[in-house]
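Below is one structure, written out as structure tokens; comments come after it.
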Amino acid sequence: MIQVCHDRGRVYACDMSNTPVWHKTVCILCSNNCGVEVRLDDRRFERVRGNKAHVASKGYTCEKALRLDHYQNAAGRLTSPLKKLPDGSFIELDWDTAIEEVAAALVSVNDTYGTGKILYYGGGGQGNHLGGTYGTGLRNALGITRKSNALAQEKTGEAWVEGRMYGTHTHGEFAEAEVSIFLGKNPWHSHGFDETRRVLKEIAADDARSMIVIDVRRTETADLADHFVQVVPGGDAFLLAAILGVIVQEGLTADDWIAENVVGAPEVIAAFSDVDVDDFSRRAGVAVDTVRSVARRIAGASSVAIYEDLGVEMAPNSTLISWLQRVITTLVGSYGVEGGMSAHTALVPLFTYGAAGKEPVDPVTGGAVISGMIPCNEIADGILSDHPDRSRAMVIESANPVHSLAESSKFRAAMDACDVTVVVDLYMTETAREADFVLPASSQYEKAEMTFFAMGFPENTATLRAPILEPLEGTLPEAEIHRRLALAIGVVTEEDLEPLRAAAAESLTDFADAFMGAAASNPALAGMGAVVLYDAIGPTLPEGMAGAAPMWFSCQQLAMRYPDAVRAAGHVGDGVELGNSLFAALIESRDGIVITKHEIGDSFDLLRTSDQKIHVAIPEMLDALAGLADEPTRHTTDEFPIVLSAGERRSFTANTIMRDPAWRKKDPEGALRLSPADAAAIGAQTGDRIRVVTPGGSAVAVAEVSDTMQDGHVALPNGLGLGHAPAGGEPELTGVAPNELTTTDWRDPIAGTPWHKHVPARLERV
Ligand SMILES: Nc1nc2c(c(=O)[nH]1)N[C@H]1C(S)=C(S)[C@@H](COP(=O)(O)OP(=O)(O)OC[C@H]3O[C@@H](n4cnc5c(=O)[nH]c(N)nc54)[C@H](O)[C@@H]3O)O[C@H]1N2
Ligand SMILES: Nc1nc2c(c(=O)[nH]1)N[C@H]1C(S)=C(S)[C@@H](COP(=O)(O)OP(=O)(O)OC[C@H]3O[C@@H](n4cnc5c(=O)[nH]c(N)nc54)[C@H](O)[C@@H]3O)O[C@H]1N2
Ligand code: SF4
Ligand SMILES: [Mo]
């Protein structure tokens, strides 16, 4: 028998003898969100272990989950709203005053410059996407049309391609694939699918399956690969085009399958029949025999799954590469087969593809607004321009763009150039320090939270977490911050909310009727959906779960769109009842639930192209392919001859979620890794200090000489150079902040995504 115990601000499940039990939640340090169980000692995470009952991770964790206390309880948690004074110092405000002043400041930006000059950045990280649903309400309340987040510096090139080819997002089933390809992706450390390391080891041990790793460095994943294809930096587009050249020229395409399922294939096949396989292999730095054997292995497989990630998404030709790798799976017929690529469902899709092919252009910078997002690399330039329509204010939630976006100094200047900037975070981050207002959020273990990262097919899952701690005093969950802001801005009133609350108190079905009616007569109310749901349905949910109320609407939408798959997953009823049943299961389960269960053959039904076929011919990509031979491979100069990967995932990196350097058990300062020859060239050894100089800046890092690195390529980890203030004083920095070395102009011409893995650099021994 479990009961709820309260003790010194903590609420915990305990048995009848008051013995604390394990609290189910998830790890928030990467998008896998592995289910974990936490044993608390007062507010500290005393122990963390994998949750064997979790629907997706089944007990799996990596070494990082055990260190989660450093997220929850690091020194310096914010406990009061802050306002910056003209002299740059901060004063504490009470919440009522803070909400009133923030609302007034944002409304005044609209009054002064007209609506549309506020930019909303962020809204969620590796573990928290519910905040973003409330952010949508704020945007609607203030007429904010400009938004962006970290996806617009990594995944928008991919989204540009997928919108055209599939009209939706696709993902591979690596647990089943005969051939798994990791392209600029090091899943051993970065993860990205359920039980990653277990699956990697399983593939490595299975003679019938193959792993192909395409990377510039011999990574931990590469060590497990059947084929490690070590490209030179900038060589990926040449390599993939050469692989496609082999597949086409040796007649290895899946012609019958293509005829049935693909539009535009003849044009694409023709384009690769001309590729000079020998020359392109040489340009990629890969032996042509390797290219041929890899191409044949791919074409001969019953299923191929590819995971591209930052190694190619943040490097030259990134959008072209996103297309080339999808041409491979398309021409060998590996979509909609078990172990291949497939579209998937989502409770809330992370991307919208409706504008694919006609993406609007940002009027200030001229950049393509893909999936509604301003390219990250153009935000600061836009604000610092003299364009009359430039943004005048920013609201930044759950993100640290001063640290995470290119050219930190420029983002600081852009914040300074705004009339008002508001940051919602747990800690005094590099970005919060620059803000006019800082609002302290409750942590992800102090409120209901979830993410929309799950991409499984044919089965997809979702995990809604309950708080395991009461909010730290002085903090508020985003739901409550946004409810108060909406009331202060005046876009919803108590009179609007009262009848909806009353209806929700009766039943969810009554609420559905009342909400539809109210939204029809008052569109502003519909735009505030998340806040309205929180206010009305929230009080009817179990203790601590009010913030999950917007998921009621998402469950309804999913049930409407895929009623059979939702029922096949065990939820019951029709129409609103089916959505209610899904919602009830989500609210109840701490182990995650299956939300949709399809048949593998349904894959094509999930495509959102006009005819539900794959549209492989993209004119801009065919042009880029035609011009590839004339492109340089390395983008370096005599002054900056080395390629720097600025921001690599390692054992103890987790974006900027962990600020306390003590969380790191290895690589405490975040070493600059370089090859023995590059080290010898400047007379450096492991442990020496090396200055890295780039066109954007310079920094000193500790060296780690490593034979996993190829000559002419060096790497710094991501997520270092964070300020941590143990005694509440001035922050101490550990390691190099990678974006002190990057520049906003170094980016993909189509998607505007940065070339952080390909920064020209030179090294000097200090
Ligand atoms: N431990 C840990 N895991 C994480 C995160 C974290 O911070 N720490 N962050 C999460 C996030 S937000 C993301 S987006 C993912 C990113 O996950 P990954 O993309 O896997 O991470 P990276 O280490 O940045 O880059 C992957 C690989 O690209 C290689 N690479 C560099 N340049 C090139 C090139 O020109 N060509 C090729 N083919 N490869 C190249 C690098 O050697 C590296 O092995 O990780 C997620 N998981
Ligand atoms: N040079 C270089 N730059 C990079 C990368 C790289 O490889 N190289 N990687 C890029 C990638 S792929 C990504 S995804 C970005 C990530 O960078 P960002 O998008 O900036 O995200 P995080 O670093 O995860 O920062 C999350 C912030 O959210 C706060 N936070 C945590 N929980 C909550 C919460 O519940 N509520 C609120 N309001 N705040 C919370 C944390 O304290 C932290 O300050 O970095 C990018 N930057
Ligand atoms: S860091 Fe990622 S893979 Fe590791 S335990 Fe956390 S969620 Fe799972
Ligand atoms: Mo990311």
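Which number in (1) modelled with pLDDT of 95 or more; (2) away from ligand 4 (no atom under 16 Å from the Cβ); (3) at negative phi marks the one condition that residue 354 misses?
(1)
Residue 193 - would you say it is in a loop (DSSP other than H, G, I, E, B) and either of a type outside the set (Gly, Ala, Ser) or in the same structural domain as residue 216 (by TED's automatic domain parsing) (or both)?
On the way: in a loop (DSSP other than H, G, I, E, B): yes; either of a type outside the set (Gly, Ala, Ser) or in the same structural domain as residue 216 (by TED's automatic domain parsing) (or both): yes.
So residue 193 fits the description; yes.
Among the residues of the stretch 67-114, count how many are assigned to a helix (DSSP H, G or I) and surrounded by fewer than 18 Cβ atoms within 10 Å (Cβ to Cβ). Give the derivation first.
Within the stretch 67-114, the first condition is being assigned to a helix (DSSP H, G or I), and the residues that meet it are 67, 69-72, 95-113.
Filter once more, keeping what is surrounded by fewer than 18 Cβ atoms within 10 Å (Cβ to Cβ): 95-97, 100, 104-105, 107-108, 111-113.
Number satisfying all stated conditions: 11.
On the given criteria, is residue 327 within 21 Å of residue 165 (Cβ to Cβ), touching a residue at least 24 places away in the same chain (Cβ under 8 Å) and either open to solvent by less than 10 Å² (accessible area, probe 1.4 Å) or of a type in the set (Lys, Arg) (or both)? Reasoning before the result, please.
Working: within 21 Å of residue 165 (Cβ to Cβ): yes; touching a residue at least 24 places away in the same chain (Cβ under 8 Å): yes; either open to solvent by less than 10 Å² (accessible area, probe 1.4 Å) or of a type in the set (Lys, Arg) (or both): yes.
Criteria met by residue 327.
With 154, 195 as the choices, which residue is more than 24 Å from residue 216 (Cα to Cα) and either open to solvent by 20 Å² or more (accessible area, probe 1.4 Å) or at pLDDT below 95 (or both)?
On the way: 154 fails: more than 24 Å from residue 216 (Cα to Cα).
Within the list 154, 195, the selection yields 195.
Mind listing whichever residues of the stretch 637-680 are open to solvent by 40 Å² or more (accessible area, probe 1.4 Å) and closer than 30 Å to residue 279 by Cα?
Going residue by residue through the stretch 637-680, those that are open to solvent by 40 Å² or more (accessible area, probe 1.4 Å) are 637-639, 641, 649, 655, 661-662, 665-669, 676-677, 680.
Correct list: 637, 638, 639, 641, 676, 677.
Look at residue 373 and say whether it is within 15 Å of ligand 2 (Cβ to nearest atom), open to solvent by less than 20 Å² (accessible area, probe 1.4 Å), closer than 15 Å to residue 119 by Cα and not aromatic (Phe, Trp, Tyr). Can you show your working first?
Details: within 15 Å of ligand 2 (Cβ to nearest atom): yes; open to solvent by less than 20 Å² (accessible area, probe 1.4 Å): yes; closer than 15 Å to residue 119 by Cα: yes; not aromatic (Phe, Trp, Tyr): yes.
Here the answer is yes, as residue 373 does meet what is asked.
I'm told residue 569 meets every condition in (1) in contact (Cβ under 8 Å) with a residue 12 or more places away in the chain; (2) closer than 23 Å to residue 134 by Cβ except one. Can you identify the failing condition by its number?
(2)
Only one of 163, 143, 127, 172 is within 16 Å of ligand 4 (Cβ to nearest atom) and either open to solvent by 10 Å² or more (accessible area, probe 1.4 Å) or over 21 Å from residue 490 (Cα atoms) (or both); which?
Working: 163 fails: within 16 Å of ligand 4 (Cβ to nearest atom); 143 fails: within 16 Å of ligand 4 (Cβ to nearest atom); 172 fails: within 16 Å of ligand 4 (Cβ to nearest atom).
The match here is 127.
Inside the stretch 471-564, counting only helices (runs of 4 or more DSSP H) that do not spill past its ends, which hold 1 or more residues that are among the β-branched types (Val, Ile, Thr)? Write out each step before concluding.
Values: elements: 478-489, 494-506, 508-521, 523-527, 529-536, 550-561.
Because the criterion is at least 1 residues that are among the β-branched types (Val, Ile, Thr), the helices (runs of 4 or more DSSP H) in the stretch 471-564 that meet it are 478-489, 508-521, 529-536.
List the pairs whose first member sits in the stretch 626-644 and is part of a loop (DSSP other than H, G, I, E, B), whose second member is modelled with pLDDT under 95, and whose Cβ atoms are under 6 Å apart, counting only residues at least 6 apart or on separate chains?
none
Please go through the stretch 565-575 and give me each residue that is open to solvent by 10 Å² or more (accessible area, probe 1.4 Å) and either closer than 19 Å to residue 505 by Cβ or touching a strand residue (DSSP E or B) at 6+ places or on another chain (Cβ under 9 Å) (or both), ordered by number.
The first filter runs over the stretch 565-575 and keeps only residues open to solvent by 10 Å² or more (accessible area, probe 1.4 Å), leaving 567-575.
Residues satisfying the conditions are 567, 568, 569, 570, 571.
I'd like to know if the stretch 705-728 contains one or more residues that are at pLDDT 95 or above, open to solvent by 10 Å² or more (accessible area, probe 1.4 Å), outside the structural domain of residue 361 (by TED's automatic domain parsing) and β-branched (Val, Ile, Thr).
Yes: the stretch 705-728 contains one or more residues that are at pLDDT 95 or above, open to solvent by 10 Å² or more (accessible area, probe 1.4 Å), outside the structural domain of residue 361 (by TED's automatic domain parsing) and β-branched (Val, Ile, Thr).
Checking the structure you have, find out if any residue of the stretch 410-423 is in contact with a strand residue (DSSP E or B) (Cβ under 7 Å, 6 or more places away or on another chain) and more than 26 Å from residue 115 (Cβ to Cβ). Outline the logic, then answer.
Residues of the stretch 410-423 in contact with a strand residue (DSSP E or B) (Cβ under 7 Å, 6 or more places away or on another chain): 415, 418-423.
Keeping just the survivors that are more than 26 Å from residue 115 (Cβ to Cβ) gives none.
The answer is no, given that none of the residues of the stretch 410-423 is in contact with a strand residue (DSSP E or B) (Cβ under 7 Å, 6 or more places away or on another chain) and more than 26 Å from residue 115 (Cβ to Cβ).
Name every residue in the stretch 645-666 that is touching a Pro at 6+ places or on another chain (Cβ under 9 Å) and part of a loop (DSSP other than H, G, I, E, B), in order of residue number.
649, 650, 652, 653, 659, 660 - these are the residues of the stretch 645-666 that are touching a Pro at 6+ places or on another chain (Cβ under 9 Å) and part of a loop (DSSP other than H, G, I, E, B).
If I ask for residues that are open to solvent by 10 Å² or more (accessible area, probe 1.4 Å) and in a loop (DSSP other than H, G, I, E, B), which ones from the stretch 594-616 would you list?
Passing the criteria: 598, 599, 608, 609, 610, 611, 612, 613.
Output the residues belonging to the stretch 527-547 that are over 19 Å from residue 585 (Cα atoms) and open to solvent by 50 Å² or more (accessible area, probe 1.4 Å). Spell out how you get there, then give the answer.
Residues of the stretch 527-547 that are over 19 Å from residue 585 (Cα atoms), as a first pass: 527-532, 535-536.
Listed by number, the list is empty, since nothing qualifies.
The values are calculated or read from the model by the stated rules, or taken from the named source; none is laboratory data. The model shown is predicted, which means the values in this text are computed figures rather than measured ones. Positions of Cβ are backbone-derived with ideal geometry, glycine not excepted, and every protein chain shown enters the neighbour counts. All accessible areas refer to the heavy atoms of the entire protein, side chains included, with ligands and DNA or RNA removed. Shrake-Rupley method; radii C 1.70, N 1.55, O 1.52, S 1.80 Å.
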